[in-house]
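Working notes, structure below.
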Number of protein chains: 2
Amino acid sequence: MAYPKNQYIRPLLTDMYQLTMCYAYWKNNHHNDYAVFDAFFRKCPFKGEYTIFGGVGEIIELLENFRFNESEIAYIKSLMPHAEDEFFNYLASIDASELKVWMVPDGTVVFPRINLIRVEGPLAIAQLCETTLLVLCNFSSLITTNAARFRKAAGADKHLSEFGSRRAQGTDGAMTASKYSYVGGFDSTSNLLAGMIHKIPTIGTHAHAYVVSYSGPSDLHNPLFKGVNLYELADKYRKESGLKTNDGELAAFSSYAIAYPDRFLALVDTYDTLSSGVPNFIFTALALNELGHKAYGIRLDSGDLAYLSLESKKLFSKYAEKYSVNFDHLMIVASNDINESVLRSLNEQGHAINAFGIGTNLVTCQAQPALGMVYKLVEVRNTPRIKISNEKDKVTIPCQKKAFRLYGNDGIAICDIMTRATDPDPEVGKKIMARSPLDEKKRMFVIPSKVEALNELFWDGRLVKPVANLEESRTRLISQLRTIRSDITRETNPTPYKVSLTSSLYDFMMNLWEMEVPIPEYH
Amino acid sequence: MAYPKNQYIRPLLTDMYQLTMCYAYWKNNHHNDYAVFDAFFRKCPFKGEYTIFGGVGEIIELLENFRFNESEIAYIKSLMPHAEDEFFNYLASIDASELKVWMVPDGTVVFPRINLIRVEGPLAIAQLCETTLLVLCNFSSLITTNAARFRKAAGADKHLSEFGSRRAQGTDGAMTASKYSYVGGFDSTSNLLAGMIHKIPTIGTHAHAYVVSYSGPSDLHNPLFKGVNLYELADKYRKESGLKTNDGELAAFSSYAIAYPDRFLALVDTYDTLSSGVPNFIFTALALNELGHKAYGIRLDSGDLAYLSLESKKLFSKYAEKYSVNFDHLMIVASNDINESVLRSLNEQGHAINAFGIGTNLVTCQAQPALGMVYKLVEVRNTPRIKISNEKDKVTIPCQKKAFRLYGNDGIAICDIMTRATDPDPEVGKKIMARSPLDEKKRMFVIPSKVEALNELFWDGRLVKPVANLEESRTRLISQLRTIRSDITRETNPTPYKVSLTSSLYDFMMNLWEMEVPIPEYH
């Protein structure tokens, strides 16, 4: 299939320090030491207590293309003129064939500190993946989470469409937002390139420009539909109403209805929603109806959306009754700066909107535009490693680890738990102690009814597990959310989900911490 | 030159309604009517009163590639199965050869409502550009503005480096942020792909992973530098200090210093900044010094940056004095969640930081992640058009327009003014009335000492004016900012810059407004 690929998914889309470290690893000849890196985040976005993971497909694309080309090598050489030629020969030789990569699948509900991605292999190569891997999953996960939250706020019965391309942070921001909004529960996008590449349903109507491009009926060059002048027919209804609406708008609507007699959706706020746009739509819909076609609906793009939608609905009913037609099917689509709290507030007020077109706030994740996924070395040469930092919250959890989700007998998740990979897995029906990683007082016993391994081996030198398609990820998300307690996913003061370590891992971490950190001396 | 292009700069990266409108324009046979579109924004970002424009190069790339390919046409056809074959033949035939595009150059200081881009040509083709054109300048302008604000907050003498790739909104978000941060006044980036493509200076040191990959001196496989074991030499200084620092960290620093004897910059917060990292750096720097090399400095990545930088500086002085060496040149680089207000607050507190590495807050424009540039039809078939909407602020200013900046005799900008393109240009020394577009009471007379046309014709069917390179845009921005009053660019309660219309344009707009909008009737 001929479609444009994202040409920026390159190993050179990385921080320079990855290359300077690579040289230093190589220079010290420990670049091939077997290393284990974890990717995780420390805090859920949007003041929430859950996150949805996304980005597996892009990371696989990176691994498949993980080879510096000639011009990239030449560029790196220009930055490090003192390095030996052998180093650049080494750089030119590396790829992802010695790496193993475990990930949680797209659409998984995930929590802080759990290793969502585990990369193992030669130290220098695993290190070199860091930046690119993070850019490919940070925003994907953020937008999936945002979309899932919008879906929850809107309710399951509303049509949600992503309209944000023009405001996205760059072209790939737009493409990623369209793709992962769909995974997060949106129904469609306005972005055609995303529609084509990712097979997402697309929708679109018209802009204000279409309306203002008509000054009046003299701009209608092909006014006939089924042999009837549609504008004149609509104008007949207008005359009967006694209203003075904008002529150019009525002309624009009739030409649009001729182009889309069965999908006529009109943007009604170009001049005045209730005194021009909605009436003009109704006159055109009545004209279409007379010729055997049903109009589709209206789009509101400014003003008080709850009020305008209810008033529009009243006008639909008034004319439907007057002319004995059925307008019950007419859709009301709303756009204009909609965010999660607007959706909640509209639902509280009451409205007659059937579908939302959501742009800026969705695609740029205005409430929090970045997810802080990080990538940390946790073991090298079979030696677990820890990083402490000056902020307790930034301590990493050492060791090659596995992560599991433990479920109660009601099918609801109790907690996630990380174990040393060399320790036995948690077992159904067997009591296990779960300890908070950073609070020694918090611990509990769990007897799980179901144990689920969170990470799956996607890459073992090559792709070993198929990447889910978008429909599969959407479905996964819906079933995952059913297993999470509602107080964890609620908007106001959500309860943090329990993320824990086994006793064995906890004790190991504490010992290593004490061993590695010098006790400060004050004089 | 072989470098990856942004393959998403395609005319299909657009909202579906552009295509549905295109068909309706074509169906009504007014798709070739001569049209004028304006791109502008309504509000400056970051609670500021100025914006820096960016994106000319990307928009030119779009215009140069503005042609639907076969698979795109096939996809569009699948969405609009009822449209005539002739329409798809028309779609396949169009390109940007009939368009004219005026823009303000990158690095221009710009203000609300001024038409920053003017696109003229056949209605349907000019309309089709909207979404892609906006995505290409909205984020570029936003990030340039953000970077310029960070530069102003940091002061001219600090080195600012963009470190944000991993947290960017997608790959192109990262690339665009690196490029336009540089235009906005940053000195370098950590992003190598951006460094290679855009010739931006790059910098990089090492990560925590590098430090934790060493457990102690036994991990040093090549410890000799100029025939001397560098670790042992550093350890000699450590022993003399009586301090117990982390062994792995000292080993990591010595191996890194061997790889970069003249660019040794150490990340010092892996275990504890003041009791391990900084001392270990100093011991290594003393060892390097003994062998004839100067260390470069340290990077702080957690904790209280002002305090830690001052304490580090004290430690440098203490050991410099003790061993009679000169450590005055040592750099202190700070990273960790730095934003505009952190920079201001650090400057107020006092600190010893020479360089900042800034990521998330810069590249995702956390303070406001989207700029609301819009694209509106203002004239078609020589008929000026207006869009009113239910929100006064969303009214568009009609007519094919020119925009000028008027300067006082001190070289400072007084206001921007828009004229009808058919009216005479403002003249130096000639009194002109400037009216606020939305407040009839606000007006003033200006006698400009200098008149500058803001829009330049970049595209007339083909590129007719070279796109500035990054260095030129950086320079332009600096000289532009000198002409803007400081109360407009200050952080707290900035004064809005005056954006105005000529009397002729103002009167025309008001007449059109009254003519187009029906007066609502209440019963």
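The values are calculated or read from the model by the stated rules, or taken from the named source; none is laboratory data. The model shown is predicted, which means the values in this text are computed figures rather than measured ones. Positions of Cβ are generated from backbone atoms using ideal geometry, with glycine treated the same way; all protein chains shown enter the neighbour counts. The protein model used for the area step is the full one, side chains on, heavy atoms only, and it has no ligands, DNA or RNA in it. Shrake-Rupley method; radii C 1.70, N 1.55, O 1.52, S 1.80 Å.
At B:SER449, label 7 Å along Cα→Cβ: distances to the other copies, nm, ascending?
Shortest to longest, the spacings are 8.2 nm.
Mind checking B:27-39 for the average number of partner chain beta-carbons within 10 Å of each residue's beta-carbon?
3
Would you mind putting B:417-430, A:391-404 in packing order, based on average other-beta-carbon counts within 10 Å, highest first? Display every interim value, and only then the final one.
Values: B:417-430: 15.4, A:391-404: 19.7.
The most tightly packed comes first, giving A:391-404, B:417-430.
Sorted by packing (mean other beta-carbon atoms within 10 Å per residue), highest first, where do A:329-338, A:406-415, B:369-378 land?
B:369-378, A:329-338, A:406-415
Distance in nm between label sites at B:ASP262 and A:GLU64, each 7 Å beyond Cα in the beta-carbon direction?
4.4
Under the rule of -39500 (n - 2.57) per DSSP H run of 4 or more residues, summed and divided by the residues of the protein assembly as shown, what mean residue ellipticity at 222 nm is obtained, to the nearest 500 deg cm²/dmol?
-11500 deg cm²/dmol, from helical runs alone.
Which value, in square angstrom to the nearest 100, describes the accessible area buried between chains B and A on both sides, using a 1.4 angstrom probe?
On the way: alone 23810 and 23790 Å², together 36790 Å².
Summed over both sides, the interface buries about 10800 Å².
On a 1.4 Å probe surface of the protein chains, which of B:TRP459, A:TRP26 comes out largest in accessible area, and what is the full order?
Descending order: A:TRP26, B:TRP459.
Please compute the average number of Cβ atoms from other chains found within 10 Å of each residue's Cβ in peptide B:121-128.
Per residue, the average neighbour count from other chains is 1.
Hey, quick one: spin label on B:PHE445, modelled 7 Å out along Cα-Cβ, who in segment B:424-438 has an amide N within reach, i.e. under 16 Å?
Answer for segment B:424-438: B:427-435.
First select every other residue whose beta carbon is under 15 angstrom from the beta carbon of A:GLU472; then total the charges, Lys and Arg +1, Asp and Glu -1.
Net charge around A:GLU472: +2.
About the Cα centre of the protein assembly as shown, how large is the charge dipole given +1 on each Lys and Arg Cβ and -1 on each Asp and Glu Cβ? Please answer in debye to the nearest 20.
For the protein assembly as shown, the charge dipole is close to 1360 debye.
Quick one: work out the % antiparallel among DSSP beta bridges in the protein assembly as shown, nearest 5.
Of all bridge pairs located within the protein assembly as shown, approximately 70 percent are antiparallel.
In the protein assembly as shown, what percent of the accessible surface is made up of carbon and sulfur (1.4 Å probe, ligands and nucleic acids excluded)?
Values: 18420 of 36790 Å².
It is 50 percent, rounded to a whole number.
Using R₀ = 25 Å, calculate the FRET efficiency as 1/(1 + (r/R₀)^6) where r is the Cβ-Cβ separation of A:ARG42 and A:ARG482; round to 0.05.
0.40
With the label 7 angstrom out along Cα to Cβ, how close does B:ASP507 come to the same site in each of the other copies, in nm, nearest first?
9.1
In nm, to one decimal, how far is the modelled label at A:ASP507 from the one at A:LEU291, with both set 7 Å along Cα→Cβ?
Going from the A:ASP507 label point to the A:LEU291 one covers 8.2 nm.
How big, in percent, is the set of alpha carbon pairs in segment B:149-364 lying more than 24 Å apart?
Numbers: 10129 of 23220 pairs.
Of all Cα-Cα pairs in segment B:149-364, 44 percent lie more than 24 Å apart.
I'm a student and want to see the number: the projected area of the Cα convex hull of the protein assembly as shown, averaged over all directions, in nm². Each step should come with its number before you reach the end.
Numbers: hull surface 172.8 nm².
Taking the Cα atoms of the protein assembly as shown, their convex hull projects to 43.2 nm² on average.
Roughly how many debye, to the nearest 20, is the charge dipole of segment A:149-364 about its Cα centre, given +1 on each Lys and Arg Cβ, -1 on each Asp and Glu Cβ, and no other charges? Display every interim value, and only then the final one.
On the way: 21 positive and 22 negative charges, 88 e Å.
Dipole about the Cα centre, nearest 20: 420 debye.
Along the Cα-to-Cβ line of B:GLU240, 7 Å from the Cα, sits a label point; which residues in segment B:285-325 have backbone N less than 18 Å from it?
B:285-295, B:315-325
What is the dipole size for chain A, taken about its Cα centre, with +1 at each Lys and Arg Cβ and -1 at each Asp and Glu Cβ, in debye to the nearest 20?
Details: 57 positive and 60 negative charges, 235 e Å.
Charge dipole of chain A: 1120 debye, to the nearest 20.
Taking the highest mean first, how do the peptides B:292-298, A:241-247, A:99-105 order by number of other beta carbon atoms within 10 angstrom per residue?
Averaged packing, sorted descending, gives the order A:99-105, B:292-298, A:241-247.
Net charge near B:GLU249, counting Lys/Arg +1 and Asp/Glu -1 over other residues with Cβ under 15 Å of its Cβ? If you can, show how the numbers build up before the last one.
Numbers: positive: A:ARG385, A:LYS387, B:ARG238, B:LYS244, B:ARG299; negative: A:GLU516, B:ASP219, B:ASP235, B:ASP247, B:ASP269, B:ASP272, B:ASP301.
Around B:GLU249, the surrounding residues sum to -2.
Which FRET efficiency, nearest 0.05, do B:LYS77 and B:THR492 yield, Cβ-Cβ r, R0 56 Å?
Values: r = 55 Å, r/R0 = 0.99.
About 0.50, to the nearest 0.05.
Please compute the contact order of chain A in relative form: average sequence separation of alpha-carbon pairs under 8 Å and at least six residues apart, divided by the residue count, as a percent.
Worked out over chain A, it gives 19 percent.
Note the distances from B:ASP262 to each other copy's matching label point, with points 7 Å along the Cα-to-beta-carbon direction, in nm, sorted shortest first.
So the label point of B:ASP262 gives 7.5 nm to the other copies.
Taking 35 Å as R0, compute the FRET efficiency from the Cβ-Cβ separation of A:ASN382 and A:ASP85 and round it to 0.05.
Efficiency, from the Cβ-Cβ distance: 0.60.
What residue among B:ASN511, B:SER140, B:LEU457 has its Cα farthest toward the positive end of the dipole of chain B, where the charges are +1 on Lys, Arg and -1 on Asp, Glu, each on the Cβ?
Value: B:ASN511.
Work out, in µm²/s and without decimals, the Stokes-Einstein translational diffusion coefficient of chain A at 4 °C, 1.567 mPa s, Rh from Kirkwood over C-alpha pairs.
D = 49 µm²/s.
Per residue of B:197-208, count partner chain C-beta atoms within 10 Å of its C-beta, then hand back the mean as an integer.
Per residue, the number of nearby Cβ atoms from other chains is 5 on average.
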